[in-house]
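Chemist: Mind having a look at this structure? Questions to follow.
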Amino acid sequence: MTSHRSRRLVPLTLAGAVAVALSGTAALALAGTSSASSAAAVPGDLACGAATTATTTASGSAPGNATDCNTATAWQSAPATLQELKVDLGSTQAVDHVTVVWGSGYGTSFKIRTSPDGTTWHTQTAVTAGTGGTETVALPSGVSTRWIEIYGEHYAGNAGFTVDEFEVFGSAGTPTGTPSSSASASASASASASASASASATPSPTPSATSTGSGNQAAWTGQFTGYGSSAWKSAWGWTSTGAWGQAQLQEISDSSAPGDGSALQVTYGAGSSANSCTDCPNPGGGQFYTQLSSLSGGSALANGSTLDLKYSVKFPSGYDWGKAGKLPGLYGGQIGQESGGNHGNGWSTRYMWRGTSAAPNNGEVYLYTPTNSGPTGYGVDLGVGDWKWLADGNWHTVEQLVNRSTGDVTVWLDGNQAASFSGAASGIGSIPFSGVFFSTFYGGHDTSWGPKVTTHADFADFSLSSGVQH
């Protein structure tokens, strides 16, 4: 890095991603690795000479140009949003901050994400008003990682992202500088803002949920520690209206679970189906709603044009899929009018697994809107088989972004776009977001939908944001 460049310190921000226009699946065409150049490395730069890959690379460029310790070379992406520049540090390292030396195609909104394996990624810091030049971005305290990346969302100009150098530092090699205005408009340089942002990247304290932020940058994270207690219900905005099956919902501890290690285990009895089933030999599944109106800062999320729900789910190996089943999603409008045969001024975007002759674990979005409930009156199946749910005993993240203004619904599985439905939920623009529709059961409404044996699925680490989170 040349010494004449001034460095701007970007304060840590909270889940400050903005909604982006998405089209098609962003395939990761990882190409190119770096090699250290003869240029002098900045002291303490862990990324200098490290193996580097990227989603796309413009002709004449290479990912390794961003980690060759030489600001005279650069990596440039294709002219597209949602681009990744990944660095393998070679071993797990404590990381304190990064410095990005941007070219002309600087990130106006981007995230710094980390991964233990190069596959599962965790957002550490989000910048929503980048100004280019040289930006130093702080990470929450205590972060250790092997892989680290710039996740570019939007860029200046029309030629793609351009990174002259991506530098990664532990506690040593801290650059000097002054606070920059390039952080999110919702952030401040105050200690309280930094503390709130740091909390978003660490397990939430009891009562296992946090709600912070303002305007469309509001964000909420919910864990399952203390599930069912009055404190937990208050923190989630839980309501008894429409809730059923609580006997089948149990808090468990799982050290592998994302978030604070708590999870909600759902039991589905053999032959079980919906709560309305009259011939089922056993109960199964459960349901509850959360209300943004009960949360501090929730009104900003409710009235925004977009809302993003992300959570983790784990199906055990050998899971009996039965015929089909429901999984949690978002809803808007009055409880009781967002789904089922008696729907009205409401909508919902739950997921389903649905069996076909080819596969029992097809994914889909199960959509209800006031104007479209499918030929049966019980929902529209969007994208059956666009992705597959995985029953491998591991945690997997699923994320959906709903745009009330356009009716677009986009889904990601483990951070990779799995499906996109343009205008599918049109007509919901006047109905605010209401909250999380935690609804999971087999069915259908009779025992033929259910599993042959009692089954379980686990859920963890729910979060809401006005923009894409992964």
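Chemist: Please work out the C-alpha center-to-center distance from region 400-470 to region 294-313 and express it in whole Å.
Modeler: When both Cα centres are located, 13 Å separates them.
Chemist: I've got another one for you. Under 17 Å between alpha carbons, and skipping anything fewer than 8 positions from K452 in its own chain: which aspartates and glutamates qualify?
Modeler: D279, D320
Chemist: Using 0.36 nm times the number of residues separating T454 and S91, minus their current alpha carbon distance, what extension gain do you get? Spell out each step's value before the answer.
Modeler: Values: separation 363, 0.36 × 363 = 130.68 nm, distance 4.19 nm.
Between T454 and S91, full extension yields an extra 126.5 nm.
Chemist: For region 38-146, just say rounded, prolate or oblate: build the C-alpha gyration tensor, square-root its eigenvalues into a ≥ b ≥ c, call rounded for a/c under 1.5, and beyond that prolate if a/b exceeds b/c, oblate if not.
Modeler: rounded
Chemist: Arrange T278, T356, T131, T56 by Cβ neighbour counts within 10 Å, fewest through most, would you? Walk me through the intermediate numbers first.
Modeler: Details: T278 8, T356 11, T131 17, T56 21.
Listed from fewest to most nearby Cβ atoms, that is T278, T356, T131, T56.
Chemist: Something else now. Can you check what the net charge comes to around W347, using other residues whose Cβ is under 14 Å from the Cβ of W347 (Lys, Arg +1; Asp, Glu -1)?
Modeler: Working: positive: R350, R404; negative: E338, D408.
My count for the surroundings of W347 gives 0.
Chemist: Also: Under the classification rounded if a/c is under 1.5, otherwise prolate if a/b is larger than b/c and oblate if not, where does region 203-465 fall, given a ≥ b ≥ c as square roots of the Cα gyration tensor eigenvalues? Write down the numbers at each step before the final one.
Modeler: Numbers: a/c = 1.42, a/b = 1.11, b/c = 1.27.
It comes out rounded by the Cα gyration axes.
Chemist: Here is a follow-up. Cross-link partners among aspartates and glutamates for K233, C-alpha distance below 20 Å, same-chain residues fewer than 8 apart left out?
Modeler: Candidates past the 8-residue exclusion: E251, D260, D458, D461.
Chemist: Given a Förster distance of 45 angstrom, what is the FRET efficiency for S240 paired with S104, based on the Cβ-Cβ distance and rounded to 0.05? Intermediate results must be reported in sequence, preceding the final value.
Modeler: Details: r = 55 Å, r/R0 = 1.23.
So the FRET efficiency works out to roughly 0.20.
Chemist: Assuming 0.36 nm per residue, please report the length gained on full extension of the stretch S59 to A231 beyond their Cα-Cα distance.
Modeler: Values: separation 172, 0.36 × 172 = 61.92 nm, distance 5.53 nm.
Once the chain is fully extended between S59 and A231, it gains 56.4 nm.
Chemist: In which sequence would C280, C69 go, from the one with the fewest C-beta neighbours within 10 Å to the one with the most? Working shown, then result.
Modeler: Working: C280 23, C69 20.
Taking fewest neighbouring Cβ atoms as first place, the list is C69, C280.
Chemist: What net charge do the residues around N362 carry, taking every other residue with its C-beta under 12 Å from that of N362, with Lys and Arg at +1 and Asp and Glu at -1?
Modeler: Numbers: positive: K323, R354, K388; negative: E364, D381, D386.
Around N362, the charge tally is 0.
Chemist: Would you work out if region 338-418 is rounded, prolate or oblate? Take a ≥ b ≥ c from the square roots of the eigenvalues of the alpha-carbon gyration tensor; rounded if a/c is under 1.5, else prolate when a/b is larger than b/c, oblate otherwise. If you can, show how the numbers build up before the last one.
Modeler: Details: a/c = 2.35, a/b = 1.47, b/c = 1.61.
Oblate, because a/c is 1.5 or more while a/b does not exceed b/c.
None of the figures in this text is laboratory data; all of them are computed from the coordinates on show. Remember, predicted model here, so these are calculated numbers, not experimental data. Positions of Cβ are generated from backbone atoms using ideal geometry, with glycine treated the same way; all protein chains shown enter the neighbour counts.
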